[in-house]
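Please read the structure below before turning to the comments.
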Amino acid sequence: MKNIILTGIRPTGKLHIGHYIGAVKQVVDIQNAGNYDKFYLMIADSQSLTDNAGNVQKVKDNIIEVALDLLACGVDPEKTCVFIQSEIPALTEMTFYFMNLVTLSRLKRNPTVKEEIKLRGFEESLPMGFLTYPVSQTADILAFDTNLVPAGEDQKPMLEQAREIAKSFNNLYGNTFILPDAIVPNEKSQARLVGTDGKGKMSKSLGNCINLSDSSDTIKQKIMNMYTDPNHIKISDPGKIEGNVVFEYLNAFVQPDSFKKYLPEYENLDQLKSHYKKGGLGDVKIKIFLNNIIQEILQPIREKRKTLEQNIQQVYKILFNGSDTANKVANETLKRMKKSIGINYRDIIKID
Ligand code: TRP
């Protein structure tokens, strides 16, 4: 069997270090490991519109921002087919047929969608498109005969739904689709990064993210203002690790050689944590350490992004070329799908 990997990302804002550690780094690592036949990375603009119908400009603008971020992080168009969802009409058509295979009550049970609906406060004004986006996501996955989807915790229900729909389709119309599996992320990328204010997930609207495109001064400023332990007032006070954003970030970003490079008086994170807990270690010191680590990761990304920004047309060209490739594949799958359903009239009925 072929290994076909696909993942998607919504273009609703610039990418931040939470995206990087939670998804993008893993995608680039998988891409570079090369253990696949095809790798697709989709910019999910249509999915973004399901709760942004009146915000088209935002979605449109962020296609290029997200593309720049992805390429800057090492996504390589020679290895990965990067494309735009709305450029692939077959996906919309497939979605329409898949909708017949899922019930309203099943859609309402999807825990990720449930959570998102609550967060957005939709209540009675819930757009149908939003409720059904997992069906469209099923089409995204099945259109490319994807067998592997890198999926964090919140994407698992989507994959479950895709498998159910694929199974129903195969049972009803004959074996047509592969049942996709999740690539479970490693421990580091599983951790949801909190915002710099410690108040929950990073989110653009809360202004608590470090963006990949932030300047080095901005990054430093955000780190120096990070939430730590409000009761750790004097250096000699004992400090708390739980809920301390600096330590949460250190957990996610520390590298094997970080201590040797930037804080040689400690051997590892455990040592640093126990000193902090005991008292005698100041916030400024740990923040400067974290700043050094994050600057080292983001500097090459920022520089690559700046270079890419010089030639936006070239970036669009990558996206359009990727979309052309994706279109060919998805159109073939749609044909196969319609044939399985039996609505391939022009094959069945011959007119001379
Ligand atoms: N739902 C994903 C997100 O919110 C984006 C996405 C769209 C996706 N289609 C996909 C992910 C297909 C994996 C596979 O980021």
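The values are calculated or read from the model by the stated rules, or taken from the named source; none is laboratory data. Since we're looking at a predicted model, the values are computed, not measured. Glycine gets a Cβ as well: all are built from the backbone with ideal geometry, and neighbour counts include every protein chain shown.
Some observations on this one:
- Flag for Ile301 being at pLDDT 95 or above, assigned to a helix (DSSP H, G or I) and in contact with a Pro (Cβ under 7 Å, 6 or more places away or on another chain): no
- Which numbered condition Leu159 fails, given (1) aliphatic (A, V, I, L, M); (2) without any contact (Cβ under 8 Å) to a residue 40 or more places away in the chain; (3) not in a helix (DSSP H, G or I): (3)
- Hey, Ile288 surrounded by fewer than 18 Cβ atoms within 10 Å (Cβ to Cβ) and not in a helix (DSSP H, G or I) or not: no
- Residue pairs meeting the criteria (Cβ under 9 Å; at least 6 apart or on separate chains; first in a loop (DSSP other than H, G, I, E, B), in segment 262-276; second of a type in the set (Val, Ile, Thr) and surrounded by 15 or more Cβ atoms within 10 Å (Cβ to Cβ)): Leu263/Ile286; Leu263/Ile288; Asn268/Val254
- In segment 268-282, the residue that is surrounded by the most Cβ atoms within 10 Å (Cβ to Cβ) out of those that are more than 33 Å from the chain's Cα centre (by Cα) and charged (D, E, K, R) is Lys277.
- In segment 108-142, residue farthest from the ligand (Cβ to nearest atom) [restricted to those that are small (Gly, Ala, Ser) and surrounded by fewer than 20 Cβ atoms within 10 Å (Cβ to Cβ)]: Ser125
- Total residues in segment 238-261, condition surrounded by fewer than 13 Cβ atoms within 10 Å (Cβ to Cβ) and part of a loop (DSSP other than H, G, I, E, B): 4
- The listed residues are Asn170, Asn175, and the only one of them that is outside the structural domain of Ile286 (by TED's automatic domain parsing), outside any helix (DSSP H, G or I), at pLDDT 95 or above and not small (Gly, Ala, Ser) turns out to be Asn175.
- Sole exception among (1) near the ligand (Cβ under 10 Å from one of its atoms); (2) part of a loop (DSSP other than H, G, I, E, B) for Asp145, by number: (1)
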